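Values quoted throughout were computed directly from the atomic coordinates according to the rules given, and no laboratory measurement underlies them. On a predicted model such as this, the values are computed, not experimentally measured, just so you know. With ideal geometry, Cβ positions are generated from the backbone for all residues, glycine too; neighbour counts draw on all protein chains shown.
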Amino acid sequence: MNDTPGWASPGSAPSDGREPAPGEPAARPDGTAPPTDAGTAGPDAASAGPGWAGKQPPPVPGQWSAPTGPPVPGQAPPPPQGWGHRPPAGPGGYPPPAGWGNGWGNGWGGPPPAAKPGVIPLRPLGVGEILDGAVSTMRTYWRTVLGISLTVAVVTEIVVVLLRGLVLDESTGTDALNDPDASLSELYRALGRTLVSSGVVGIVAMIGTIFATALLTTVTSRAVLGRSVSTGEAWRDARPQLPRLFGLVVLLLLVVVALPAVGSLPGILVAVLGASAGGTALAVLGGLAGLVVAGWLAIRFSLASPALMLEKQGIAKALTRSVKLVRGSWWRIFGIQLLATLIANIVASIVVIPFTVIAMLVGGDGGGDLFGTASGGDFGWTFLVISGVGSVIGSMITFPVTAGVSVLLYVDQRIRREALDLELARAAGVQDYGTNNTGAGPGN
């Protein structure tokens, strides 16, 4: 007889209230007397069938095998194997296994819930769970997340405001491009200044994004395990990989920019040789084709950043890991990242646009001068400062969401392909993980 709940050994039944005397064998469920000698096969043993021996081994909890002989008269048949209806309980019957009840088809009660030590359950994730995990990281560890995002955004925006107000001459480019009487050389010079100004601002913003991504990757990876991390700990963990992360981002930017340019080059050459109409059309088609290829590669390499930071890999190995993890899931990853980017940018725009409007109303055409100087041309200091405050608030929203979604996508793909949930469960201290968890869930 085994005392495990929901399990009974074959042949056991509730007693009639009389405890057997010491040395006296218990009566069978059908009322017949058992053999007096456990090692001798009496008449009852013979009637039990050839599959029953006179002396049975002790039952093993959690295991059951039906007897091979014919059923004993008065004894209920064993419970059915697999899914089915719940067997009746009663004298001579078998209690139902654990988990049977009001589940699917009055049989199996469904898989047990996955362990969730942190912001996500340890199983393949759905789209909503990935987005919720990124937001839950912000909400649960808001001091660290907002501290990192605020620091990076403020430093980045201060540099941008100073560059635009003191160094970059954006007014010249704006005036020439808006002047219908400007000569071709003036337009080229104005366009060059505008591109240089935008490029410098973009580089500063990219550097800030890299720092924020590196630190928030560490925070999100610890949040999966339910562990908090301070800003100093995140910095110490991410600092050795920062040079490689810079190299990875620069390489990806070069690829994304170079492919459309290479695609447009044949059309430009044709236009230079004299066929301007055909060359222009060819350049546009080639640029679009290069842009499509660049977008496809950008998604293929989109998990390289978390792979580089969390696996402490080099640039080439991180790119290879990303290609392996994305293979077969390109459209899914593209859709999730596009959705997360749209949501983050829409929410950030709701904050940034009012600040921009206020800056234009207060600063006017650039005459508003917060510090009593006239530098900055069309972009006065009042405009730059007020719009910069809005940009800081917007970055505090976009940084955690985009970095969190990227890390959780990486974790999700490794769970699906490499059973990373087992390692995460061990790291989080989840007991007996993998013995009862089927891994089923919305993400399957």
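Points worth noting:
- Take the convex hull of the alpha carbons in region 236-280; its mean projected area over all directions comes to 3.5 nm².
- Length gained when the stretch residue 358-residue 288 is fully extended (0.36 nm per residue, less Cα-Cα span): 21.5 nm
- Residue exposure sequence - 361, 422 - by fewest surrounding Cβ within 10 Å: 361, 422
- Listed values for region 234-248 are Karplus-derived 3J(HN,Hα) couplings in whole Hz (6.51 cos²θ - 1.76 cosθ + 1.60, θ = phi - 60°), namely 4, 5, 5, 6, 8, 4, x, 9, 4, x, 5, 5, 4, x, 5, and x replaces Gly and Pro.
- Exposure proxy order (Cβ contacts within 10 Å, fewest to most) of 412, 432, 132, 237: 432, 132, 237, 412
- Here region 203-246 and region 386-435 have alpha carbon centers that stand 12 Å from each other.
- For region 192-198, Karplus couplings with θ = phi - 60° (6.51, -1.76, 1.60), whole Hz, Gly/Pro x: x, 4, 5, 5, 5, 4, 5
- As a proxy for reagent exposure, 433, 410, 141 were ordered by neighbouring Cβ count within 10 angstrom, fewest first; the result is 433, 141, 410.
- Chain lengthening between residue 261 and residue 166 when straightened (0.36 nm per residue, less Cα-Cα): 31.0 nm
- Under 5 Å, built H, 5+ apart or other chain: amide partners of residue 126: 443
- Highest mean first, the peptides 385-396, 308-319, 348-359 sorted by other C-beta atoms within 10 Å per residue fall in the order 385-396, 308-319, 348-359.
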